[in-house]
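The structure under discussion appears below in the form of structure tokens.
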Amino acid sequence: MKPLLIVKVGSTHPHIAQALGDFEHWIIDGLGEAGLPVKVVDPRQGMALPACGDVAGAIVTGSHSMVTDREPWSEHTAEWLRGAVAAELPILGICYGHQLLAHALGGEVDYHPGGIEL
């Protein structure tokens, strides 16, 4: 069975991670008893993203980074996401993840003129 890929593009605050785990743990916990194997890749750490055919789907986590900063790891991940969409791989983007997916597919991601939304 192919694993579900979690693309870890950020981490929660250390005190929250210590008490509740980090973003990938929340996602794994949310999967419950699905029985899917899970693979976590952190492109910020230089970890290579797998070939799309090697995973069942992908979830891109949130991050405290900004898509508009166009960091090299983020742009590389956006390029991978374009290929994943073309390969019809199921993808879920959470917060930063959905913004990066929009950017990868030609959407506009920018600062909110009214300030941050929480």
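Could you say which residue among Glu79, Glu108 is over 11 Å from the mean Cα position of the chain (by Cα) and within 16 Å of Val9 (Cα to Cα)?
Glu79
Among the residues of region 65-105, write down those that are β-branched (Val, Ile, Thr), under 23 Å from Ile28 (Cα atoms) and open to solvent by less than 40 Å² (accessible area, probe 1.4 Å).
Thr77
Scan region 88-105 for residues that are part of a loop (DSSP other than H, G, I, E, B) and either over 17 Å from the mean Cα position of the chain (by Cα) or β-branched (Val, Ile, Thr) (or both) and jot them down.
Result: Ile94, single match.
Are there any pairs, at least 6 apart or on different chains, whose C-beta atoms fall under 9 Å, with the first in region 38-50 and under 15 Å from His64 (Cα atoms) and the second open to solvent by 50 Å² or more (accessible area, probe 1.4 Å) and basic (Lys, Arg), and if so, which?
Qualifying pairs under 9 Å: none.
Restricting the search to region 1-25, which residues are loosely packed, with under 15 Cβ neighbours inside 10 Å and either in contact (Cβ under 8 Å) with a residue 60 or more places away in the chain or under 15 Å from the mean Cα position of the chain (by Cα) (or both)?
If the condition is that a residue be loosely packed, with under 15 Cβ neighbours inside 10 Å and either in contact (Cβ under 8 Å) with a residue 60 or more places away in the chain or under 15 Å from the mean Cα position of the chain (by Cα) (or both), then His25 is the only one that fits.
Return the pairs, sorted by first residue and then second, in which the second residue is assigned to a loop (DSSP other than H, G, I, E, B), the first residue lies in region 98-118 and is small (Gly, Ala, Ser), the beta carbons are less than 8 Å apart, and the residues are 6+ apart or on different chains.
Ala102/Glu108; Ala102/Val109
Sort out which residues of region 29-41 are at pLDDT 95 or above and open to solvent by 60 Å² or more (accessible area, probe 1.4 Å), and write them in order of number.
Passing the criteria: only Lys39.
Can you report the number of residues in region 51-64 which are surrounded by 14 or more Cβ atoms within 10 Å (Cβ to Cβ) and either without any contact (Cβ under 8 Å) to a residue 24 or more places away in the chain or over 22 Å from Lys2 (Cα atoms) (or both)?
Going through region 51-64 one residue at a time, the tally reaches 2.
The values are calculated or read from the model by the stated rules, or taken from the named source; none is laboratory data. Owing to the predicted nature of the structure, the values given are computational and were not obtained by experimental measurement. No Cβ is skipped: glycine too gets one built from the backbone with ideal geometry, and neighbour counts run over all protein chains shown. In case anyone asks, the SASA skips ligands and DNA or RNA and just uses the protein heavy atoms, side chains included. Shrake-Rupley method; radii C 1.70, N 1.55, O 1.52, S 1.80 Å.
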